[in-house]
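Notes follow once the structure below has been shown.
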Amino acid sequence: MTSLTSAEDSAVRTAAAAGEASHECLSFQLGAVEYGIDILKVQEIRGYEEPTRIANAPPFIKGVVDLRGVIVPIIDLRIKFGQQTFEYGPSTVTVILNMARMVVGVVVDAVSDVVELAPEQILPAPEFDSAIGVDFITGIGSIAQGERQRMLILVDIERLMGSAEMGLIAQAH
């Protein structure tokens, strides 16, 4: 058995890591919790504007807005995730998502930043029994910031928007 020099060992690790792509996500806040979604799904970030309500829509669907000639449904993620109601303020934004040939807006308390996560920074999603729906959680991003760890709940936003109760995106077969 041969041993590698530290330079060779470093080169092997770099080559192995190159095969595993990092994951860029947009981080946003809902209350005290920070979430992350795939940056490639984000079309733009806009200040919050009151959407036009649609009769008989579920409470989490705030309504629709006209985005340069495209009618965009607006989802309040706080309501969707069962969190307490929130007074919309200057930091409240609508993240416009482009996915599965559909444009959808999600209202969040604030957008933090774009975070690049290496594969080793993404921990497996927790498993819960009972009614806690975690089908749309892909993992937990762990980012060291000085003495503390910053945790991001990574959301598969396309799966969330495609869930049967949302009824926004047709399921792929």
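Before anything else, pin down the relative contact order of the stretch 21-161: Cα pairs under 8 Å, at least 6 apart, normalised by residue count, whole percent.
Details: 278 pairs, mean separation 38.6, N = 141.
In percent, rounded to a whole number, it is 27.
Please sort 134-141, 24-31 by packing, taking for each peptide the average over its residues of neighbouring beta carbons within 10 angstrom, highest first.
Descending mean neighbour count gives 24-31, 134-141.
Please report, for the Cα atoms of the stretch 21-161, the Rg to one decimal and the Dmax as a whole number; what are they, in angstrom?
My reading of the Cα-based Rg and Dmax gives 15.3, 49 Å.
What net charge do the residues around Ile74 carry, taking every other residue with its C-beta under 13 Å from that of Ile74, with Lys and Arg at +1 and Asp and Glu at -1?
Working: positive: Arg46, Arg53, Lys62, Arg78, Lys80; negative: Glu49, Glu50, Asp66, Asp76.
Net local charge, Ile74 excluded: +1.
Peptides 104-111, 63-70, 157-164: what's the order by average Cβ count within 10 Å, highest mean first? Before the final figure, lay out each step's value.
Values: 104-111: 21.6, 63-70: 12.2, 157-164: 17.9.
Per-residue Cβ counts within 10 Å, averaged per peptide and sorted highest first, yield 104-111, 157-164, 63-70.
Bear in mind these aren't lab numbers, they're just calculated from the coordinates by the rules spelled out. Since the model is a prediction, treat every value here as computed from it, not as a measurement. Note: ideal-geometry Cβ built from the backbone for every residue, glycine included; neighbour counts use all protein chains shown.
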